[in-house]
């Protein structure tokens, strides 16, 4: 019986030794030269020098090299004679190995990626070896347990006082203990190896994640560099175009054309806000544009370097005003914002360069808080406008019984230079704009199309109510659109001869045409 357990011990140790031998062969290369062959080729592998020599007959030999430091050498003439070829060692005719210079002609993966792939393959192979060893040890433990049960069952049939029985029991327990101890130690050794491989895998994964993070950061930096380059190019082109336009249009500076004859079709620019105010500075030849979102009250002014920047959300500057604005009648003129100060009858001037309040003026008895608004409401009681002659404010008062009042403002001090009282109620108007001192009031803010219902010339003091069809205004980009417009602002830029409107989450522009001079 003791002999039986000795045999099992030897078997366990033999399996452990074989497992260790397999691992050693996997991890350490045999320094002897190995030869592998098939029907066509012979491969001499020298693991000590890490070289591979291939000799093939028939078709040319194609070699793929994936190591960045590998060298492919042309065989000597004598070696070429041994292969039975023309001395090129099986390479394609007319192509020399030396042309590769140890670098593969095409690289499909980075060196770090190849290293990670090779390391993962080695770990997978090592884990497979340890898994097999643990499985063998588990089988031995199960077999030893069954043999122990069988031996104990046999011992129960012997006489209890027999000395040989006691000796057999002691030997059985000792052998089983030694067997279990050896198997468990081997099992623990295998588990330690597995834990080491898992730790290496964790390190490798961490390194790969770090490499991926660095690659992402580098990509983001390159994208940011491209964006900056494109922005610089766009700015250069815009400045060149502005200089060209400024040169062409310098002769008509401060020139007032004849009366408006027509308003052309519009161009849309989609924006992320349903309601807002868009402003350009007619006193300066620039693509710079300002936007204020229309809430109940707002103190945030966004500056963009061009119309395209609005579409892509590229804000060049933020202004947090020291007061709130209300309504939709804000304008930017001569590097200053002019708006109706919320909850008051005051027009405020905010210097955009100094970022400070520059002037204020109170419009006594002016209606506010939707007392005399345009048709769309939104606290549009006080509306500012700019034309060839300067800065204007359009409003209504209790004394005017809600009829439109026009005042000319000094853009520096906001002093009211002159005021005109019209005969048309402000509540019946969709929107207004000023061109060369003439007020143009549209019939509706939502009809598509609408028309100019009322005009007032501050020079001749003449007002006129017009029938449908007088100066048609599409009020939307699509003429006769089934969707109603919602034009909550309408301003004229005298430099561009263009109207700016905000309707249904779109900034819309419309060219203005004038009558020919006689």
Response to the item:
Here, the stretch 259-357 modelled as identical Cα point scatterers in vacuum has Debye log10 I(q)/I(0) at q = 0.25 Å⁻¹ of -1.45
Item to complete: Grab the beta carbon distance between residue 284 and residue 219, set R0 = 30 Å, and tell me the FRET efficiency rounded to 0.05.
Response: 0.20
Discussion item. Under the rule a/c < 1.5 gives rounded, and otherwise a/b versus b/c splits prolate from oblate, where does the stretch 260-514 land using the Cα gyration tensor?
Written reply: rounded
Worksheet item: Under a point spin-label approximation (7 Å from Cα along Cα-to-Cβ), what is the residue 122-residue 199 distance to one decimal in nm?
Response: 1.7
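All of the numbers you see were taken from the coordinates with simple rules; none came from a lab. Quantities reported herein were computed from a predicted structural model and do not represent experimental measurements. Positions of Cβ are generated from backbone atoms using ideal geometry, with glycine treated the same way; all protein chains shown enter the neighbour counts.
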